[in-house]
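Here the structure is laid out as C-alpha cells; the discussion comes afterwards.
The values are calculated or read from the model by the stated rules, or taken from the named source; none is laboratory data. Computed from a predicted model, the values in this text were never measured in an experiment. Here the Cβ positions follow ideal geometry from the backbone for every residue, glycine too, while neighbour counts run over all protein chains shown. Just so you know, the surface numbers come from the protein's heavy atoms only, side chains and all, with ligands and any DNA or RNA stripped out. Shrake-Rupley method; radii C 1.70, N 1.55, O 1.52, S 1.80 Å.
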Amino acid sequence: MTSAYITGLGVFLPNEPVNNEEIENVLGLVNGKPSRSKNRILKNNGIKSRYYAIDPKTGKQTHTNAQLTAEAVRILVKNTNISLEEIECLVCGTSSPDQIIPNHALMVHGELGCPPCEIVATSGVCCSGMTAFKYGYMNVSSGWSKNAVTTGSELASTAFKGVYFQPEIEAKIQDLQAKPIIAFEKDFLRWMLSDAAAAVLITDTPRQNGISLRIDWVEIISFANELETCMYAGGVKRVDGSLQGWREVENPEELWKESYFALKQDVKLLGENVVSYGKKGLLQVRDKHSLKANEITWCLPHYSSEHFRQPLYDELMEIGFEIPLDKWFTNLTYKGNTGSASIFVMLEELVSSGKLEQGDKIFCLVPESARFLYAYMLLTVV
C-alpha cells in the first residue's frame, strides 16, 4: 500500500442561495397552505440559507443530479493540474440519482464525455459520498490507479416539490374529514435538505505547490444489525419496524396515495440513537487507530441540525474525547445540509480558507440515519 493524498476539491452550488422565507415559494405549497411545522424545524436546525436546482421564477428544474456532479468535477479540474482526459477512476455517491438504472456514475461519465475509465457508483444517504471516497482511496493506495475522482452529490429539492404530495392529500381528504397535512416524517425533511455536488481528486503523490491532505485512514461502520430503518424512500414502515417496499404493492395507485417515493424519516428513532451510536463507532476507531483528541487540529462533523451540536459534544466529553468547539468547522447554516456532498463541501471551504498549516490533523465524522451507518476519516496536512 502506498500513501494517497487529496490534491484538489471542487464544489458546485446551483443558482442563488434561498433564505428561509423563500423556501415555499421555490418548492411550492402543499394543498395551497403553508407548512405548520416549517418554522419550528428551521429554528432547531439553524439553517439560514441553502441552494436548490430549481428556478425560483418558473419552478422548473435547472440541473439534473448528473449535471450538478459534472459541474463539480469541471470546477475540480480548473482548480488542479489534472485534465478530464487523465482521470483513471471515477466514483460517484448519491442518495438521489436521476433514475434507477443506469447508475449515477455512468450518467456523470456521460455528462463529462471524458475518455473510457473505471466507473463505480455507491448508494446510500450521507455516507454514500464517503463510500465513494473510500473506493477511490483504496484504488489509488493499492496502486491500481494513479488517480481517482470521487464525488458526493444530492438533488433533494425536486423530490420535495409540493405537487408530489398532492395525490396523497387528495386521497385522504375524505378519510380525515379535516384539513390534511403531510405526515410529519415527510414534511420534516422538506426543511432539512438541499442541493450541491462536491468532487475530490485523490492522487498517489502530493501537490508540488500548495497543500495536500494525506489520507491516514477511513473507517465505515454499520449498526443495522442493532437498529431498525430510520430514513427511507420507496417504501412505507410497518408497525413492527420493517419496511414494505414499493415492489410489494399490488395496486399501483397506492404508491401515490401513500407517497411511497417520498423521503421519510423516523424522527423519534433518529433523536434517540444517532448521536449515541456515533459515539459507539468512534470508540471503535479510537481504539483501532490509537486516536487522541488532543492531536486533532480541526473537527469536521456532519450533522443535519444545529440541534445535535451540543449533544454530540457532550457525548465526546463523556468518553474523554473532548474536541473544543473552537476546533469544529461547519458551514451548515449558510450552505445547508447537502447529504453525501456535505463533508466535502465543508472540507473544500476549510482548505480554501488559508487556515491550514503543515502537520494539522483533520478529523471527519459522517452519520447516516438511513439504518445507522457511520463514516470516520483522519487527514494530515502535508
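With the condition being within 27 Å of GLU16 (Cα to Cα), I'd like the strands (runs of 3 or more DSSP E) fully within the stretch 296-382 carrying at least 3 qualifying residues.
Result: empty, no element qualifies.
Could you tell me whether LYS78 is surrounded by fewer than 17 Cβ atoms within 10 Å (Cβ to Cβ) and more than 30 Å from TYR164 (Cα to Cα)? Yes. Within the stretch 230-252, the set of residues being part of a loop (DSSP other than H, G, I, E, B) and within 22 Å of THR94 (Cα to Cα) comprises CYS230, ALA233, GLY234.
Looking across ASN331, ASN273, one residue alone is over 23 Å from SER194 (Cα atoms), modelled with pLDDT of 95 or more and within 22 Å of the chain's Cα centre (by Cα). It is ASN273. Number of residues in the stretch 91-144 that are of a type in the set (Val, Ile, Thr), without any contact (Cβ under 8 Å) to a residue 60 or more places away in the chain and part of a strand (DSSP E or B): the value is 3. Of LYS134, LYS48, all but one fail to be surrounded by fewer than 17 Cβ atoms within 10 Å (Cβ to Cβ) and either of a type in the set (Asp, Glu) or within 20 Å of the chain's Cα centre (by Cα) (or both); the exception is LYS48.
Taking the criterion of being basic (Lys, Arg) and open to solvent by 60 Å² or more (accessible area, probe 1.4 Å), would at least one residue in the stretch 269-279 satisfy it?
Within the stretch 269-279 (the criterion being basic (Lys, Arg) and open to solvent by 60 Å² or more (accessible area, probe 1.4 Å)), the answer is no, since none of the residues qualifies.
The residues on offer are ALA199, ALA159, ALA183, ALA224, and the sole one that is under 27 Å from ALA53 (Cβ atoms) and either modelled with pLDDT of 95 or more or β-branched (Val, Ile, Thr) (or both) is ALA199. Scanning the stretch 253-266 for residues that are loosely packed, with under 15 Cβ neighbours inside 10 Å and closer than 14 Å to SER95 by Cα yields a single hit, PHE261.
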